[in-house]
1. Springs between alpha-carbon pairs under 10 angstrom, Gaussian network model over the chain: which of 118, 132, 31 fluctuates most?
2. Setting aside same-chain residues fewer than 8 positions from residue 22, which aspartates and glutamates have a Cα under 19 Å from its Cα?
3. Could you tell me the center-to-center distance, by alpha carbons, between the stretch 17-54 and the stretch 101-178 in angstrom?
4. Compute the angle between helix 168-177 and the longest alpha-carbon principal axis of the chain, please, reported from 0 to 90 degrees and rounded to the nearest 10.
5. Mind pulling the angle between the C-alpha long axis of helix 204-225 and the longest principal axis of the chain? Nearest 10 degrees, somewhere in 0 to 90.
6. Do any trypsin sites (Lys or Arg not before Pro) in the stretch 60-100 lie in a DSSP loop with no more than 12 other beta carbon atoms within 10 Å, and if so, which?
7. If I build a Gaussian network model for the chain, linking alpha-carbon pairs within less than 10 angstrom, which residue out of 37, 50, 173 has the largest mean-square fluctuation?
8. Taking 7 Å along the Cα-to-C-beta vector as the label spot, tell me the residue 136-residue 29 distance in nanometres, rounded to one decimal.
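The values are calculated or read from the model by the stated rules, or taken from the named source; none is laboratory data. Since the structure is predicted, the reported quantities are computational estimates derived from the model, not experimental observations. Backbone-built Cβ (ideal geometry, glycine too); neighbour counts: all protein chains shown. The protein model used for the area step is the full one, side chains on, heavy atoms only, and it has no ligands, DNA or RNA in it. Shrake-Rupley method; radii C 1.70, N 1.55, O 1.52, S 1.80 Å.
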Amino acid sequence: KHPQTIPFHVCGADGQQDYFIKLFHCHGIADAFKDLLRVSKPKRFWDQGLALAAAGFRVPTVVAVGEVRRFKLFRTGFVLTSRIPGQPLPLFLRHQERCRKERSDLRRKRDGLVRLADLVRQFHSLGFVHGDLIANNLLVAVVGGEPQFYFMDNDRTSRFPHWWPAHGWKRNLVQLNRMPLPGITLQDRMRFFCRYLGRRQLSERERRLVRWLEQQTRKRRYECDGVGPR
């Protein structure tokens, strides 16, 4: 079901260039007929990357896109992207947790959470909903001592008009909340949520939303990771 991601290295006059090839495959007749009526996943990856970049978000740079069709039915496709010098969020946090020694490191972690909460809020406020916003699909690159976040795997990302009653942002929060993360406590998660909502104190309605998100997170952890509800 999932695309293959393969490192790809090219050595030339300018030295070694690092890329990733992402391969998409057709899974059965139903998928093939769906792709007759919609843009294929490689092209959606490209289109959504362009839309996100135009909106000011960081995404992998697409170098090339291609697909193979047989009798107009999608069979396989690829996206070639430049390598980003960063790490998926869980690996980045694990490294930070091993190196953390001073109070300034704690402050840096909380500043990073604030940046991420503001970024995700802006992402949703502009109508974007990520197809799978788990922590592994956020890549962190440190530039000038400050974290920069990249949205990865954007082939299932959608953008809705402001008048559309989209609730995908709730699903994204559950996805982002699903994985245990090194050094991230329950208090950190609540700080993130309050910052995302732009609140210092939560109303009763927002507290109900917190409880709902927790229930959905437990459900998704059981479905995806086999972790019991308790």
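1. 31
2. Within the straight-line limit of under 19 Å, residue 22 reaches these aspartates and glutamates: 31, 35, 47, 67, 132, 153, 155.
3. Between the Cα centre of the stretch 17-54 and that of the stretch 101-178, the gap is 21 Å.
4. Approximately 70 degrees, to the nearest ten.
5. 50 degrees
6. Details: sites: 69, 70, 72, 75, 83, 94, 98, 100; in loops: 72, 83, 100.
Taking the stretch 60-100 and a limit of 12 other Cβ atoms within 10 Å, the loop trypsin sites (Lys or Arg not before Pro) found are 72.
7. 37
8. 3.2 nm
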